[in-house]
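Report on the structure given below.
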Amino acid sequence: MATSVKVLSLPDVDIDDLPTVDVEVQHLPTVDVDVSSLPDLKITEVGPVGPVTLAGIPDHYTVGISQLPDVVIRIHEIPSVRAHVPANFRLGLSVLGVELAALHLCGEAQVITEPYVRNPCEKCGTSRDVPDHGDHVSAVLRLKTDG
């Protein structure tokens with residue numbers, strides 16, 4: 001009598017945790033087989049084969065990964081990058097949802113991992129020629145009066 005059993009799930013079992021089982025066979029019966037008088041077998045004709053169907057082949061497969069390998073990523077050199085990132089910051093003070101004051105800063109931030117050299121569009125203001133005074137130190141004090 002054949003019995004069909006459908007297994008829905010199995011617990012995870014580590015092979016190292018299974019107990020050792022010793023099996024000892026003490027007596028096997030002797031079996032004598034004589035193959036010296038078998039008739040010659042010949043295939044003379046093969047009949048039609050068919051119909052061939054794909055019935056019984058499952059259409060759903062489940063694949064699982066039981067263990068992932070160790071992956072080590074090392075960066076020997078940081079690549080030379082100049083990335084421009086838009087920046088939009090708003091710092092404000094509000095009470096009960098009513099904005100009392102706000103400071104809004106917007107522009108562009110940069111992430112630079114290459115040797116920094118200013119682009120022509122990054123120069124601010126005019127360049128000042130600083131006179132060479134040699135080895136002495138001097139100070140300049142400028143006062144501005146209203147009037």
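For a modelled paramagnetic label at L10, 7 Å from Cα along Cα-to-Cβ, the residues of region 56-74 in reach, with backbone nitrogen under 18 Å, are 61-67. Given their separation in residues at 0.36 nm each and the Cα-Cα distance between them, T113 and A87 gain 7.5 nm when the chain is fully extended. Rounded, prolate or oblate, given the Cα gyration tensor of region 1-69, with a/c below 1.5 counting as rounded? Since a/c reaches 1.5 but b/c is at least a/b, the shape of region 1-69 is classed as oblate.
Bear in mind these aren't lab numbers, they're just calculated from the coordinates by the rules spelled out. Treat the numbers as computed from the prediction; the structure is a model and nothing was measured. In this analysis, Cβ positions are derived from the backbone assuming ideal geometry, glycine residues included, and neighbour counts consider all displayed protein chains.
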